[in-house]
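Student: Pasting in a structure now, in structure tokens, and then I'll have a few things to ask.
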């Protein structure tokens, strides 16, 4: 991880500031300012979680090394084209992210980052920003770190839980979520945490999958639901975001792929 980004992190147990204890950003540890909690840095990833037991099949699958290896090699480059029913490559996602964060400063958080695709897009386009990627899966983060190092991009990857983010309030100028809300538990807690860490002028970009309208699509989603994947009603999610202080600036649905851009200010 980038040691300079420790300024944006807090101990998930006591909420005190974190500082380097031993080693460096590749191997070592950090300790809270109260000298009571220590966390390891392994392979460039700061691990702020104790061993966790996934609560769904979708969460379990993200813990497999094969899933992490295959995600961007086999599935992700074609996923949105398949799900939207039209050509939807990385260039379109890059344009959406670039427009949203062209004027932001400071910290951008890629929440539930998987292999770190959005983190890399933002770090490459805006090298002046601090970019932190957060995920619960160590295999996913190892692959994300490998890709960031190969691209020479200074991204900090943190193993943490989206329901209890190790970030102080009012510091994130930008937050991106690339499809991961569909697999998260306790969304009300996730939305509360996103809102807590956001600055008053923060921008949120969320890509999510919505409920299918076709008979065939509904059947597939019904099969996937017991595995821990939720498909959203856009109206209900928009209402929930508004409850937590987010104002929708743009909303685009292509097939079942839904991109929204929201701000805290409403401007």
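Student: So which residues in region 24-42 are loosely packed, with under 15 Cβ neighbours inside 10 Å and either in a loop (DSSP other than H, G, I, E, B) or within 23 Å of the chain's Cα centre (by Cα) (or both), if there are any at all?
Tutor: Across region 24-42, the qualifying residues are 24, 26, 27, 33, 34, 35, 36.
Student: Scan region 94-105 residue by residue and report those that are modelled with pLDDT of 90 or more and either more than 16 Å from the chain's Cα centre (by Cα) or within 17 Å of residue 249 (Cβ to Cβ) (or both).
Tutor: 95, 96, 97
Student: May I ask you to verify whether residue 256 is buried (at least 17 other Cβ atoms within 10 Å of the Cβ) and closer than 22 Å to residue 106 by Cα? Even if it seems obvious, please write down each step before you answer.
Tutor: On the way: buried (at least 17 other Cβ atoms within 10 Å of the Cβ): yes; closer than 22 Å to residue 106 by Cα: no.
Answer is no for this residue.
Student: Exactly one condition in (1) over 24 Å from residue 119 (Cα atoms); (2) out of contact with any strand residue (DSSP E or B) (no Cβ under 6 Å at 6 or more places or on another chain) is not met by residue 195; state its number.
Tutor: With (1) over 24 Å from residue 119 (Cα atoms); (2) out of contact with any strand residue (DSSP E or B) (no Cβ under 6 Å at 6 or more places or on another chain) applied to residue 195, the lone miss is (1).
Residue-by-condition table, conditions (1) out of contact with any strand residue (DSSP E or B) (no Cβ under 8 Å at 6 or more places or on another chain); (2) in contact (Cβ under 8 Å) with a residue 60 or more places away in the chain; (3) assigned to a helix (DSSP H, G or I):
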{"residue": "4", "(1), (2), (3)": "no, yes, yes"}
{"residue": "13", "(1), (2), (3)": "no, no, no"}
{"residue": "68", "(1), (2), (3)": "yes, yes, yes"}
{"residue": "71", "(1), (2), (3)": "yes, yes, yes"}
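Student: Kindly check whether there is at least one residue in region 195-202 that is within 22 Å of residue 106 (Cα to Cα) and free of Cβ contacts under 8 Å to residues at least 40 places away in the same chain. Even if it seems obvious, please write down each step before you answer.
Tutor: Kept after step one, since they are within 22 Å of residue 106 (Cα to Cα), are these residues of region 195-202: 195-202.
From what is left, the residues that are free of Cβ contacts under 8 Å to residues at least 40 places away in the same chain are 196.
Scanning region 195-202 turns up at least one residue that is within 22 Å of residue 106 (Cα to Cα) and free of Cβ contacts under 8 Å to residues at least 40 places away in the same chain.
Student: Sticking with this structure for a sec: Say whether the condition of being over 15 Å from the mean Cα position of the chain (by Cα), modelled with pLDDT under 95 and either assigned to a helix (DSSP H, G or I) or crowded, with 22+ Cβ neighbours inside 10 Å (or both) is met by at least one residue in region 179-188.
Tutor: Yes: one or more hits.
Student: Hey, does region 15-23 have a residue that's in a helix (DSSP H, G or I), surrounded by 14 or more Cβ atoms within 10 Å (Cβ to Cβ) and either at pLDDT 95 or above or touching a strand residue (DSSP E or B) at 6+ places or on another chain (Cβ under 8 Å) (or both)?
Tutor: no
Student: Answer yes if at least one residue in region 195-206 is in a helix (DSSP H, G or I), under 17 Å from residue 264 (Cα atoms), modelled with pLDDT of 95 or more and under 15 Å from the mean Cα position of the chain (by Cα), and no otherwise. Step through it out loud before you land on a result.
Tutor: Going through region 195-206, the residues in a helix (DSSP H, G or I) turn out to be 195-197.
Filter once more, so that each one left must be under 17 Å from residue 264 (Cα atoms): 195-197.
Now narrow it down to the ones that are modelled with pLDDT of 95 or more: 195-197.
Pick out the ones that are also under 15 Å from the mean Cα position of the chain (by Cα) and you get 195, 197.
Yes, there is a match, as at least one residue in region 195-206 is in a helix (DSSP H, G or I), under 17 Å from residue 264 (Cα atoms), modelled with pLDDT of 95 or more and under 15 Å from the mean Cα position of the chain (by Cα).
Student: Related question: Do you know which residues across region 207-246 are in contact with a strand residue (DSSP E or B) (Cβ under 6 Å, 6 or more places away or on another chain), outside any strand (DSSP E or B) and more than 24 Å from residue 99 (Cα to Cα)?
Tutor: Listed by number, the list holds a single entry, 231.
Student: Suppose we filter 118, 157 for residues that are touching a helix residue (DSSP H, G or I) at 6+ places or on another chain (Cβ under 7 Å), crowded, with 22+ Cβ neighbours inside 10 Å, touching a residue at least 24 places away in the same chain (Cβ under 8 Å) and closer than 11 Å to residue 1 by Cβ; which single one remains?
Tutor: Every option except 157 fails the conditions.
The values are calculated or read from the model by the stated rules, or taken from the named source; none is laboratory data. Values in this document were obtained by computation on a predicted structure and should not be read as measured data. Here Cβ is always computed from backbone atoms with ideal geometry, including for glycine, and neighbour counts include all displayed protein chains.
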